[in-house]
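Readers should treat all values here as calculations from the given coordinates under stated rules, not as data from a laboratory. This one's a predicted model, so the numbers in the text were calculated from it and none came from an experiment. Glycine also receives a Cβ, built like all others from the backbone with ideal geometry; neighbour counts cover every protein chain displayed.
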């Protein structure tokens, strides 16, 4: 593998950086023939590095080329349908979309706060020790099994339409938005409780032993020692589920709420385009991407504080 | 009646009987060392005394009160019996000071101010008061273990159990931890320690117990166990330690 000739040959498929890869590779074989092993190795390594550059740059170039082709294909049909300039630059359309998106934001922010607490309650219930707590564990397990198994769209239908139609006391005359929040909290509460549970179980039992040996009760140990460590550990997967929740707020449009999806549909219908869907997608990305980056930073800072050089 | 009494204590993990009838008396202010090969039951015995493991037979009494079996309040027992572990087990998400003050505040009901004042005083005693605001992972192993000892002491236990507290430390850090134990022994703290530091055991203990296959095979003052062991197995064990240069 001294000369990385195969890698360089593949790299040639990804211009332009494949060319220097091949040049270095050829130089490496010449030096190897002349017995200059160290220089040959050095050239070989450069051939290898350039091969990786070539693949990386080449794939980017091809991707951009493919997207451009897609936009221009069929006499600019894709560009027209999804990125209709007239709609994308229409201030009134954006205003309407933002108004709808505000509903989605309210739904996911409130649902996330509920899920954060509710899922922890469920996780702790599932982990209660001893035979006396078996019924509670069973109840929590049934809840998790059911709401993880049923598609969120169905839960939204059942909660949103069913509770109102059956006129269930108290919740019977909630607004559609409140139903949407309940439905999403139920579904994601089940998911996130499993994330919490994994986190709690990942805290080594010696931590519990240390806390209990100091005289702390079971609940004090959970509250002050186990759960704080578990929560820190599960922030990344928790965040993953929250992004899922944010996107699933699009499903509440089936209840007839004037959210971003329904507003996009109206705009599209009246203008014969699909550009408003692109606008909705952009709005979601504007929330999820900064959210992810912010939390990555938060986790990094937290680790820098508690861990020394690990 | 001794301060701590163990009568025919049995403990089994599945089919593996780790303790097969332990009888032991510990008087107030005594330092008792448990020695013996790995797997002889030293750690299990200590963990049984503060009920981190429940015993399968026999009885444990502390200050005359039965502290094993049904109907005992383990949380009350554990306030009086502190334990320090081989792997420190500090709480990594809390500062050193918070590690020390958590139990006094939550269990003994001290105010935060009082607990912190006492915590700082304890840290001063071991020369780590400037680490009060640090997180445990930033400390060396020796420093962490010293903090773990102080965390147990903050509960003012009547009995302190030390479970191979220097076994996870680099050799050059063992001394600083043993110095604290030495000071505690001088102050009259009642202690039971499982240890492989035979020189130290010989120096500080009032009584040494040699555990073998789940029973106390021989017990006596350190001079007897280390210099004139009576039992063949004790002789063989001490002989191996001397050959390994550990005494």
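Structure data summary
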{"item": "On Cα atoms only, tilt of B:232-243 relative to the major axis of chain B in degrees", "result": "60"}
{"item": "The range B:153-220: C-alpha gyration tensor shape, a/c 1.5 cut-off, then a/b vs b/c", "result": "oblate"}
{"item": "Rounded to 10°, Cα long-axis angle of helix A:176-202 versus longest principal axis of chain A", "result": "70"}
{"item": "Fewest-first sequence of A:218, A:62, B:135, A:4 by Cβ atoms within 10 Å of each Cβ", "result": "A:62, A:218, B:135, A:4"}
{"item": "Cα gyration tensor shape of the range A:151-298, rounded if a/c is under 1.5, else prolate or oblate by comparing a/b with b/c", "result": "oblate"}
{"item": "Approximate spin-label separation residue A:128-residue A:158, in nm, with each point projected 7 Å along Cα-to-Cβ", "result": "2.3"}
{"item": "Separation between Cα centres of the range A:49-100 and the range B:17-73, rounded to whole Å", "result": "72"}
{"item": "Choice from A:142, A:55, A:254 showing the highest fluctuation, given a GNM over chain A with Cα pairs closer than 10 Å", "result": "A:55"}
{"item": "Relative frequency of Cα-Cα separations exceeding 25 Å in the range B:132-247, percent", "result": "30"}
{"item": "Rg/Rg_ref, the range A:123-163, where Rg_ref = 2.2 N^0.38 Å and atoms are Cα", "result": "1.49"}
{"item": "Highest average packing first - A:17-29, A:260-272, Cβ atoms within 10 Å", "result": "A:17-29, A:260-272"}
{"item": "Peptide-level mean, for B:92-104, of C-beta atoms on other protein chains within 10 Å", "result": "4"}
{"item": "Compactness relative to 2.2 N^0.38 Å, alpha carbon Rg of chain B", "result": "1.01"}
{"item": "Number of partner chain Cβ atoms within 10 Å, mean per residue of B:128-140", "result": "2"}
{"item": "Helix-only mean residue ellipticity at 222 nm for chain A, each DSSP H run of n ≥ 4 adding -39500 (n - 2.57), per residue, nearest 500", "result": "-26000 deg cm²/dmol"}
{"item": "Highest average packing first - B:13-22, B:159-168, Cβ atoms within 10 Å", "result": "B:159-168, B:13-22"}
{"item": "Choice from B:208, B:181, B:76 showing the highest fluctuation, given a GNM over chain B with Cα pairs closer than 10 Å", "result": "B:76"}
{"item": "Chain B, relative contact order [Cα under 8 Å, separation at least 6], %", "result": "26"}
{"item": "Label point distance in nm, residue A:300-residue A:98, each placed 7 Å from Cα along Cα→Cβ", "result": "3.0"}
{"item": "Modelled FRET efficiency - R0 25 Å, residue B:65 with residue B:13, Cβ distances, 0.05 increments", "result": "0.40"}
{"item": "Residues B:84, B:31, sorted so that the one with the fewest Cβ neighbours within 10 Å comes first", "result": "B:31, B:84"}
{"item": "q = 0.13 Å⁻¹, chain A: log10 I(q)/I(0) [Debye, one scatterer per Cα]", "result": "-1.02"}
{"item": "Translational diffusion of the protein assembly as shown, µm² s⁻¹ [Kirkwood Rh, Cα pairs; Stokes-Einstein; 37 °C; 0.692 mPa s]", "result": "111"}
{"item": "Relative compactness, the range B:1-95, computed as alpha-carbon Rg over 2.2 N^0.38 Å", "result": "1.13"}
{"item": "Residue-averaged beta-carbon neighbours from other chains (10 angstrom radius) around B:45-52", "result": "2"}
{"item": "Burial ordering of A:187, A:292, B:111, fewest other beta-carbon atoms within 10 Å first", "result": "B:111, A:292, A:187"}
{"item": "Crossing angle, helix B:171-186 versus chain B [Cα axis fit, 0-90 degrees, rounded to tens]", "result": "90"}
